[in-house]
């Protein structure tokens, strides 16, 4: 480091900039570790949703990532596996992937990280200790513990207005934990219209399989009613890799004529998660989904034709990521977010995060957990923080070498933008934050 590269006497904060790369590294690590997260996309549910609120070791091990891994290392068939109880499935996964093998994959290391954070034996031969630990936990206390360990201040659920287990909670007068925000999921409507028409009809909406004017009107009424009821932060849908905005399928008609008008009317963002191929191997159920490379120009067209709608966009294919960054540079109504599903691996997150920093600065959302089990917040955010800290440090170090020092205040500002601010501003979520016993609490 030369005197030409850094002139601390002119630092805006009077000398508070990191004076060398070691000090810079310390500042970045401390700030990233402490910054609260608003987790913009999860499959978690508030405690008020009862059986949908998943946590503890058996749920953690019966994660579809681990189920897919199991079949690569075990002679058990899918038919035999699905015939086991959840406890038996968890025992088989633990024995196969954690006892008989070294847990090196992202998903298996995640379980290890959770157990370590909770003080459980990560080399246990069986699950007796872990099950006893979770048996003694009160759900309310454990929720607070997980949020504190993960430094997640609040999160967004995935809410399906046509799910028969979920809808009674929305239709009741129960008060939902304000840290759990809603998002209205459109997958069944947009990707399975024929099958879902009877369910919408059962709720009193006069829709038909054929997309006519009345069906569009009733679908908009359905969405309007559920938006008022759920108060979602955004509407969201996962789409196949071959999705085209101008296709003549029901999905495109409903998207253009019902969903986008509702986004405008209610000033809601639309989250598009593009690239999934469902049931590539049906025998594996949810674990059998795959991915495909999509056409990013479809998203560009939607942004161009709907400049008054804000889009949250993520793609499932690694090959789509550079194109997405370039399109985001052209459309201010597009916010790239997260490293979704099969991208949630250290090597790929590292590449994508650095690419986004280089092309977009801090104008993106680096990650979401996509957690399905509460405990996963612990490891998903621990792992993500490490990677984001590394990427930010290298960017700041390059800036330092180019002649500009970075202050701790600037690091804090950038971390807040990436972990919560960009998303909260995008969806209009203003929060009052305070600290209680070391836990950041957010209230809308």
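No value in this document is a laboratory result; all are computed from the given coordinates. The structure presented is a predicted model; accordingly, all values stated were derived computationally and were not measured. Backbone-built Cβ (ideal geometry, glycine too); neighbour counts: all protein chains shown.
Quick notes on this structure:
- Length added when fully stretched, residue 91-residue 109, from 0.36 nm per residue minus Cα-Cα: 4.8 nm
- Take 366-373, 20-27, 257-264 and order them by the average number of nearby Cβ atoms within 10 Å per residue, most first; the result is 366-373, 257-264, 20-27.
- If the segment from residue 194 to residue 206 were pulled out straight at 0.36 nm per residue, it would be longer than the present Cα-Cα gap by 2.9 nm.
- Cα gyration tensor shape for segment 183-337, rounded if a/c is under 1.5, else prolate or oblate: oblate
- Among the listed values [x] 20.0; [y] 21.1; [z] 23.1, the one computed from these coordinates for mean projected area of the Cα convex hull in nm² is [z].
- When peptides 62-72, 229-239 are sorted by average Cβ neighbour count within 10 Å, with the highest value leading, the order is 229-239, 62-72.
- The chain: calculated mean residue ellipticity at 222 nm from DSSP helix runs of at least 4, using -39500 (n - 2.57): -13500 deg cm²/dmol
- Efficiency of FRET between residue 80 and residue 345 - r from beta-carbon atoms, R0 45 angstrom, step 0.05: 0.95
- Once C-alpha pairs closer than 8 Å and six or more residues apart are averaged by separation and normalised to the residue number of segment 183-337, the relative contact order reads 20 percent.
- Length-normalised contact order of the chain in % [C-alpha pairs under 8 Å, at least 6 apart]: 24
- The modelled label-to-label distance between residue 137 and residue 22, using points 7 Å beyond Cα along the C-beta direction, is 3.9 nm.
- Take 145-154, 175-184, 242-251 and order them by the average number of nearby Cβ atoms within 10 Å per residue, most first; the result is 145-154, 175-184, 242-251.
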